[in-house]
1. Using the per-residue mean of other Cβ atoms lying within 10 Å as a proxy for protection, in what order, highest first, do the peptides 181-188, 62-69 fall?
2. Please list, ordered by chain and number, the residues whose modelled amide H lies under 5 Å from the amide H of Glu179; skip anything fewer than 5 residues away on the same chain.
3. First measure r as the distance between the Cβ atoms of Leu162 and Asp377, then evaluate 1/(1 + (r/R0)^6) with R0 = 56 Å and state the FRET efficiency to the nearest 0.05.
4. Beyond 24 Å between alpha-carbons counts as too far, so tell me which of Lys98/Lys348; Lys39/Lys348; Lys98/Lys124; Lys110/Lys322 fall in that bin.
5. Rank these by accessible area, largest first, 1.4 Å probe: Met145, Met378.
6. Once phi is turned into θ = phi - 60°, what whole-Hz ³J(HN,Hα) does the Karplus curve with 6.51, -1.76 and 1.60 give for every residue of the range 67-75, x standing for Gly and Pro?
7. I want to check the label-to-label distance for Ile366 and Glu37. Put each point 7 Å from Cα in the C-beta direction and report it in nm to one decimal.
8. Report the label-to-label distance for Thr384 and Val308 in nanometres (one decimal), using points 7 Å from each Cα along the Cα→Cβ vector.
Amino acid sequence: MAGELDDEAEQTVSIQEYLKGVEEQELEADLVLGGDEGKECTYTNGYMKRQAIFSCLTCTPDGNAGVCTACSLSCHDGHEIVELWTKRNFRCDCGNSKFGEFFCKIFPNKDIENAENSYNHNFKGSYCTCSRPYPDPDVEEQVEMIQCCICEDWFHEEHLGLEPSGEVPRDDEGEPLYEDFICKACSASFFFLGLYPQSIWAAGRQGDATVDTNKDKNVVEDTSSAGGSGKLDNDVNAHNNPKMDQANVSDGNSLFVGESSQKIVVSDPCVKDASPHASTCVLGDNLGVDSPALESKPLFLSKNWRDVLCRCEKCIVLYNQKHIAFLLDKEDSIAEYEQMATQKRKEKLQQQEGAELSLFNKLGHIEKMEILSGIADMKDEIRTFLESFDSSKPITADDVHQVFDNLAKKRRRVE
């Protein structure tokens, strides 16, 4: 009996705690969806720098297509949906040739195929080098995953390839001390990133990130199986979704299926104090085809690390050839995406408050008095209930219904 009371007590929450929890869930959803309310298909926006993407295994069991938020809700409601968090340079596939006779309900006039889209094993519901689903039905406690900012795959911490003495850079409270993460496979494919100075790496970096360049071809041929990193969380916005550590990386191979990165011109400064057309490379002679074989390791990058990347002509050409020019774009980062989403949420709340005030001001005097009187009656009824209620007991649904029943009876008596 005592155990039952303890369990019941653990389930009770205050109104403030409940409202705070709802607000946190709404904020998390907005951060994942980028402020997208899911009302319009994003296809007409072209290949967006970053957006929330979903895979429908009911319509495309091979995991070779992705749809936007609106299509996941309107066109694929009730289907087996995999939430992929965000993908870069992606255009909604809903209703194109990959869906057979199925047509998009929101915007059916789409091209046969989006040639620049890239897909990895995440679209099949598999993540990490272990290719397990998330949530994993064979695991009692789901663990966070870390996303690679190049291949955009998600990884379990135990599968990152850290040295025995290595660990993920975190503070005393477990919060990440890094801004982005690059998986072991991508660090091998793009070995030159490991040649940058120590300032680009987050505290706790696992030694020098050198790689065997002979592995590059194999990794680029099939990055979907090599992995990336990520974190999967339980569903946000009605779908199972992988929640990632604040580090996003794209899949080295599947990312390069098409021209999924924009070309960068050589007008950017090479380093912070360099001239726009600086000819001196930050990496010097180290950036060469015949670079020595170096050991590949997962890389954790510090805040604003993209600002340190060299922008000389030689490096710009290399970024474009490797299809990773997006690394030079700060708006590509998850931090910028979430900042944009936060700003959209703030503006939306301000608009809602303004609309409510505007509606109230348009009401006549009698309507205003009725609303204010109703609010006052509700406050009085709740106060009366709380004053007479045994604080040692939890508030049940029946108690809440009784409060509103009393309000309804009071209203009928007045009328």
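The values are calculated or read from the model by the stated rules, or taken from the named source; none is laboratory data. Because the structure is a prediction, the values reported are computed rather than measured. Here Cβ is always computed from backbone atoms with ideal geometry, including for glycine, and neighbour counts include all displayed protein chains. Please note that ligands, DNA and RNA were not included when accessible areas were found on the heavy atoms of the full protein model with its side chains. Shrake-Rupley method; radii C 1.70, N 1.55, O 1.52, S 1.80 Å.
1. Descending packing order for the listed peptides: 181-188, 62-69.
2. Sorted by chain and number, the residues that satisfy this are Leu301, Ser302, Lys303.
3. Result of the calculation: an efficiency of 0.35.
4. From the list (Lys98/Lys348; Lys39/Lys348; Lys98/Lys124; Lys110/Lys322), the Cα-Cα distance tops 24 Å for Lys98/Lys348; Lys110/Lys322.
5. Largest accessible area first, the list is Met378, Met145.
6. Ordered by residue, 3J(HN,Hα) equals 10, 7, 4, 4, 5, 5, 8, 8, 8 Hz.
7. Between Ile366 and Glu37, the simple spin-label model gives 3.3 nm.
8. About 6.7 nm separates the two model spin labels.
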